[in-house]
1. Full-extension gain between residue 128 and residue 105, please, as 0.36 nm times their residue separation minus the C-alpha to C-alpha distance.
2. Which entries of 18/53; 18/47; 18/83 show an alpha-carbon separation above 19 angstrom in the structure shown?
3. How about region 15-59: which trypsin sites (Lys or Arg not before Pro) there are in a DSSP loop, with at most 11 other Cβ atoms within 10 Å of their Cβ?
4. Across region 54-60, in residue order, what do the Karplus-derived ³J(HN,Hα) couplings come to in whole Hz, using 6.51 cos²θ - 1.76 cosθ + 1.60 with θ = phi - 60° and x for Gly and Pro?
5. Taking the Cα-to-Cβ direction at residue 76 and at residue 55 and moving 7 Å from each Cα, how far apart do the two end points lie in nm?
6. Would you order 121, 22 from fewest to most other beta-carbon atoms within 10 Å of each residue's own beta-carbon?
Amino acid sequence: MNDLLKTLIKPDWSDNPKRSEILHAANLLEIGEFQLIQLAYNSWYGKDLPEDKISKIFSEYMITGIIPIWVTYYANDILKLNKANVLNIYNEKYHIYDHEFGETISDEKQRKNRGIFYTIIIGFVFIASHYMAINQIEEPAGFYPPYIEKKIVYPELYKKDLGYNGDKN
């Protein structure tokens, strides 16, 4: 739990100093660790990371903490560029695996329309889920999810209907 709290406060924290460098480099570039591993492989070997190696390399990195040397070198290069104030995080070469990179909202009208669109979707989902949940059960115990039937939450209210008079005998 303590490690989770440290990670939430400082996302590039890790108990492994080498992994902290990789996390820091990925955060500087505003990409994920997996994308950094892909970039490092491409930089080191001059080709994309083969699909048959992706799972093995990433699981070794995430589970066992084995960090390939080429990832460490690439992360150190990113950190050196940042320290020298020459790192351009918006350079497309750092985002070749990020398919949404470069998409911007061009004007205030588009931003407003997108906000209204997402608000309508969220409102629709909220109202539809409430409607479906309320119609699926006889009598909800409360208005808010999770919708549990009242007879399950308060069985003592329904035992009278079954002939139960409250005596323990």
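1. Numbers: separation 23, 0.36 × 23 = 8.28 nm, distance 2.94 nm.
Contour length minus the Cα-Cα distance gives 5.3 nm.
2. On the way: 18/53 21 Å; 18/47 24 Å; 18/83 17 Å.
Cα-Cα > 19 Å for 18/53; 18/47; rest within.
3. Numbers: sites: 18, 19, 47, 53, 56; in loops: 47.
Those satisfying the criteria are 47.
4. Each residue of region 54-60 in turn: 4, 4, 5, 5, 5, 5, 4 Hz.
5. 3.2 nm
6. On the way: 121 10, 22 25.
Least to most surrounded, the residues fall as 121, 22.
Rule-based calculations on the coordinates, nothing more; no lab input. Keep in mind that what you see is a predicted model, and the values were worked out from it rather than measured. Glycine also receives a Cβ, built like all others from the backbone with ideal geometry; neighbour counts cover every protein chain displayed.
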